[in-house]
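The values are calculated or read from the model by the stated rules, or taken from the named source; none is laboratory data. Small disclaimer: the values here were computed from a predicted structure and weren't measured. Cβ atoms come from the backbone with ideal geometry, glycine included; neighbour counts cover every protein chain shown. For accessibility, only protein heavy atoms count, side chains too; no ligands or nucleic acids. Shrake-Rupley method; radii C 1.70, N 1.55, O 1.52, S 1.80 Å.
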Amino acid sequence: MNSPNSHLVSNEPIISVRDVKRVFRSIKKAEGLKGSLQLLYKPQYSEHQALKGFSFDIKAGEFVGLIGANGAGKTTLLKILAGLIPPSSGTATVLGEKPFDRSLSFRKKIALVMGQKAQLWWDLPAVDAFDLLRAIYAIDQTVYRERLNTLAKLLDVTRLLNTQIRRLSLGERMKMELIGAILHWPSIIFLDEPTIGLDVLAAHNLREFLRTFNERERATIILTSHNMDDIEQLCPRILIIRNGELIYDGDPKTLTNRGQCVLKVRLMEKPTNEELAAVCSLNLSQISRPNGGKVPGADLPEGTTDGAAHVEKDDDDEFSEMAAAQELIYFNIERTQVAHILQPLLAKYRLIDMGIDEQTLESVIQRIYEQSPQTAVGASS
Amino acid sequence: MNWQWRWAALKNGFQDATAYRIEFFFEVFGSAVTPAIIQIMLWYALFQVGGASQVAGLSYNELIHYTLVSTLFTQVRGGNNDFELSEMIRSGALSNYLLRPVGVVEFTYIRGVAPKIFIAGLCLVVGIALSFFLGLNPTRILGAMGLAMVGNIIHYQLGAILATAAFHWEEAYSVLMVKNMLVAFLSGELIPLTFFPEKWAWIWKSTPFYLYVFGPTQYALGKWTDAEFFHQVLLSGLWLIGFSILVRVSWALSIRRYQSLGG
């Protein structure tokens, strides 16, 4: 296989983005008939700032994950880098060119796969579409056959090449889209949720292919996915976008491997968070409960049997899920602190059960999505 | 000039258009026969029922000949690829084509024109056969078909220019529909343009639409001299060049407004 990136100097950024902003203007329609009539004589416009000043560099051969909630700006960024839309301000340079100039040489070296968008022709079998793409990219017949065989075997779609695209399942279509997008062996591949609709095996095969393609061909790959398995297994670098802002640029392990964990305990007694903080020598902010910090039964008049009833039910194995959840206490601590926390805790209280949750990328990302837009991610580089 | 992808796009467009063969044949023959029958019924009503001997200087037989021959060129008249462009702009499907190292306007045309070339071939065979029955010159049928194909390109170019309205207003369907209605009237596919009063003839003469159907029919029927035909071919060349420039300018100016929705 000829490397698409053999001409590139590894330390030079292949993608350079400087203070890129993008604003979309659209018509805003008020609700109902009145809104429709108003639209006819006095249309209202609204502006949405999809990207709020992005800057980063990506070197040749990097595999970068782009993470963000729906509407965060990931796809807008990919579209700017692929040359589909221009930035409202700032500069983006890809392969030494302004993407929106869309020179022929630029378009020959990139690929954009959008999981939600069909690029092949609905009524034709995939093999006819691939043949057209071969001609468009002037791929030699032998090389084309070799690539098509490799990709079709890898993604297990050889038997489907002569089937109309519209007759394929979502996952099969996605595989064909991917083959169509990379038949020309691009230097840069933008992948927008490529594993959407794929079964476990196909997603695994696709990941393996992308990893091999990235390593062997030194192709630069930028991947957006809501599937954290994709990101964790493929991307040594991630960019996290929230509300159009880049809030993290670095190694995903930095986010997950800070030695943080969540110690979960259930106690027979009902200590308040303040009491627990004092016993374990922790900050109050490190202790939380699923019910938002409310101590079950703490606001009940003295002498009521609420707590006892829980214990009794627990002993009888009739502890309801709700009751169990109310007594869970979370300690957000360093992994090395576990023993130091448990010792005073066991000395003072009776333990029902306990567990430790490791931080996964998914849980970290989930927490970031839940945070307010003003909150920065500490490890941003 | 890379002919390889153009040839491949042409083949691909034909494969796409004929994916459903019954639909394809119905489209070709149904769209040819139905309007022709309506026109012939109209002429019959005017002449045989209404008792007219001539309409705008044309006899019953001349109008029947006009209808039969013009039907051949009506089939070659531009398709709806401009509607496709407009819809792609609106839906964001244009992105698929913008990513490829080909010109999107040309690529869409080549894929779309493929079945028309096939139809033009069929019509040419029918036209040459018809020329023996109607006493026409087969060489003129060939020349007229060439002019009709040039008209097909001009029609698409104009559509591609108007389709850029979708960049600004998000939807250009009505603009293109109005254009098509004007074309149907001013190309001569509904009525011969000689029906226009002399003082209004400037209306159809100032558009390129008459080059699609009326012009080729006039030449095939022997109403235009060879010199007049070549003059019209020259004029069509000027329309082609003018519209080529306008296509480039309108797309270059409008593409910045593309939002690439979806995905």
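Some observations on this one:
- Leading residue by the ranking (nearest to the other protein chains (Cβ to nearest Cβ)) among those in region B:216-225 that are part of a helix (DSSP H, G or I) and of a type outside the set (S, T, N, Q): B:Pro216
- Screening A:Gly90, A:Gly96 for residues that are away from every other protein chain (no Cβ under 11 Å), crowded, with 16+ Cβ neighbours inside 10 Å and either touching an Asp or Glu at 6+ places or on another chain (Cβ under 8 Å) or within 24 Å of A:Phe213 (Cβ to Cβ) (or both) leaves exactly one candidate, A:Gly90.
- Strands (runs of 3 or more DSSP E) contained entirely in region A:163-247, each with at least 2 residues that are within 14 Å of chain B (Cβ to nearest Cβ) and open to solvent by less than 10 Å² (accessible area, probe 1.4 Å): A:188-192
- B:Thr194 meets all of the listed conditions (1) within 14 Å of chain A (Cβ to nearest Cβ); (2) in contact with a strand residue (DSSP E or B) (Cβ under 9 Å, 6 or more places away or on another chain); (3) part of a helix (DSSP H, G or I) but one, namely (1).
- Considering the conditions (1) assigned to a helix (DSSP H, G or I); (2) surrounded by 18 or more Cβ atoms within 10 Å (Cβ to Cβ), B:Gly78 is excluded by exactly one of them, (1).
- Of all residues in region B:111-135, those satisfying the criterion of being within 14 Å of chain A (Cβ to nearest Cβ) and either crowded, with 22+ Cβ neighbours inside 10 Å or outside any helix (DSSP H, G or I) (or both) are B:Arg111, B:Gly112.
- Region A:99-128, subset open to solvent by less than 30 Å² (accessible area, probe 1.4 Å) and either more than 30 Å from A:Arg167 (Cβ to Cβ) or charged (D, E, K, R) (or both), residue farthest from the other protein chains (Cβ to nearest Cβ): A:Pro99
- B:Thr164 meets all of the listed conditions (1) open to solvent by 20 Å² or more (accessible area, probe 1.4 Å); (2) away from chain A (no Cβ under 14 Å); (3) in contact with a helix residue (DSSP H, G or I) (Cβ under 6 Å, 6 or more places away or on another chain) but one, namely (1).
- Restricted to region A:221-248, and to residues there that are touching a residue at least 40 places away in the same chain (Cβ under 8 Å) and of a type in the set (D, E, K, R), the residue that is farthest from A:Asn205 (Cα to Cα) is A:Glu245.
- For region B:81-102, the set of residues classified as on the phi < 0 side of the Ramachandran plot, of a type outside the set (Asp, Glu) and either open to solvent by 20 Å² or more (accessible area, probe 1.4 Å) or assigned to a loop (DSSP other than H, G, I, E, B) (or both) consists of B:Asn81, B:Phe83, B:Arg90, B:Ser91, B:Ala93, B:Tyr97, B:Leu99, B:Arg100, B:Pro101, B:Val102, listed by residue number.
- Pair list, Cβ under 6 Å, 6 or more apart: region A:147-167 residue among the hydroxyl-bearing types (Ser, Thr, Tyr), other residue open to solvent by less than 20 Å² (accessible area, probe 1.4 Å): A:Thr158/A:Ala152
- Of the residues screened, A:Ser103 is one that is polar (S, T, N, Q) and either touching a helix residue (DSSP H, G or I) at 6+ places or on another chain (Cβ under 8 Å) or without any contact (Cβ under 8 Å) to a residue 40 or more places away in the chain (or both).
- Selection from region B:10-38 of residues that are open to solvent by less than 50 Å² (accessible area, probe 1.4 Å) and in contact (Cβ under 8 Å) with a residue 60 or more places away in the chain: B:Leu10, B:Asn12, B:Gly13, B:Asp16, B:Ala17, B:Thr18, B:Phe24, B:Val28
- Among the residues of region A:136-151, at least one is within 11 Å of chain B (Cβ to nearest Cβ) and in contact with a Leu (Cβ under 8 Å, 6 or more places away or on another chain).
- The residue of region B:226-263 that is most open to solvent (accessible area, probe 1.4 Å), among those that are within 14 Å of chain A (Cβ to nearest Cβ), in a helix (DSSP H, G or I) and among the hydrophobic types (A, V, I, L, M, F, W, C), is B:Leu253.
- Within region B:213-263, tally of residues that are among the hydrophobic types (A, V, I, L, M, F, W, C) and closer than 30 Å to B:Leu136 by Cα: 14
- Top-ranked residue of region A:30-45 - restricted to ones that are within 36 Å of the chain's Cα centre (by Cα) and open to solvent by 100 Å² or more (accessible area, probe 1.4 Å), ranked as farthest from A:Gly71 (Cα to Cα): A:Glu31
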